[in-house]
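Accompanying notes for the structure given below.
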Amino acid sequence: MKHRKLWAGLAGTVTAALGVTVWAVHSPSAEPTESKASSVTRQSAPGKETKETKETKETDALLRIGLQRQAQQDSAGAAETYRRVLKLDPGNKDAWYRLGLIEQMNGRTAQARSAYDNALKTDPAFTSALYSEANLVAATEPDRAIGLLKRAVATSPKSSVMQLQLGLLLARYDRDAEAEEAFRRAVAADQQVLSQVPESFRDAVSPAPTSSNAGSTR
């Protein structure tokens, strides 16, 4: 539990320090996810630490250091740390994702996209990488961005943030029927986002008043 709180706290600090524009203030995923090697660590017999579990511990420690460096706005040091993680674990999606954020912050679009793609090779349903790459390519490749966001909301259908951003992108390119459905799902997940829905869609996606609310207006 303490380990998870540490990740969440560090990741929240990093979000503020990076300043990367990712459509909304909420990150779909804040803390590194459990790797196959991590599960092996827990299953190993006490006192019998394998090479794999040693590497897992080193990887976890490096990921924490990388997050701390990002929180301190040391993006170069953080990137170097994540590359060390990737030497130990070439498919580590968290390291690829965090490296992508740094590259995106520094304006290296091609490198950021490559990093996100590598994260998605490990986990095609990695919501944070899908969301961030969609943001990265939205202006230049809207169809790809829409496809990435659709994959993200398929994984997290109750994420009002991602449903809203999908709707806004679809509306921008006059795909109104799809946009309306995305806005409707966003509002169903969190009615507070209704104010962010474009006015032309707002009536159509507003939740129907309950019988008690309707009675109170009489």
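The values are calculated or read from the model by the stated rules, or taken from the named source; none is laboratory data. Just so we're clear, the structure is a prediction, and the values are computed from it rather than from any experiment. Neighbour counts are summed over all protein chains in view; Cβ atoms, including those assigned to glycine, are modelled from backbone coordinates with ideal geometry. For the accessible areas, the whole protein counts, side chains as well, though only heavy atoms, and no ligand, DNA or RNA atoms are used. Shrake-Rupley method; radii C 1.70, N 1.55, O 1.52, S 1.80 Å.
In terms of solvent-accessible area of protein heavy atoms at a 1.4 angstrom probe, what is the ranking of Glu199, Glu58, highest value first? Don't skip to the answer; put the middle values down first.
Numbers: Glu199 150, Glu58 85 Å².
Heavy-atom accessible area, descending, gives Glu199, Glu58.
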request  = For Asp143, Asp123, Asp94, write out the residues from largest to smallest accessible area, computed with a 1.4 angstrom probe and no ligands counted.
outcome  = Asp143, Asp123, Asp94
message = Keeping every protein chain present and rolling a 1.4 Å probe, give me the accessible area per residue for the range 86-135 in Å².
response = 37 Å²
note = Excluding ligands, DNA and RNA, the carbon-plus-sulfur percentage of the accessible area of the range 60-132 with a 1.4 Å probe reads 46 percent
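Given Cα positions, please report Rg to Rh for the range 69-180, the hydrodynamic radius being the Kirkwood one. Don't skip to the answer; put the middle values down first.
On the way: Rg = 14.9 Å, Rh = 14.6 Å.
Rounded to two decimals, Rg/Rh equals 1.02.
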remark   = Pseudo-spin-label distance Ala177 to Ser206, built 7 Å along Cα→Cβ, given in nm, is 2.5 nm
request  = Rank Trp96, Ala139, Gly77 by how far each Cα sits towards the positive end of the charge dipole of the range 66-182 (+1 on Lys, Arg Cβ; -1 on Asp, Glu Cβ) and give me just the farthest.
outcome  = Gly77
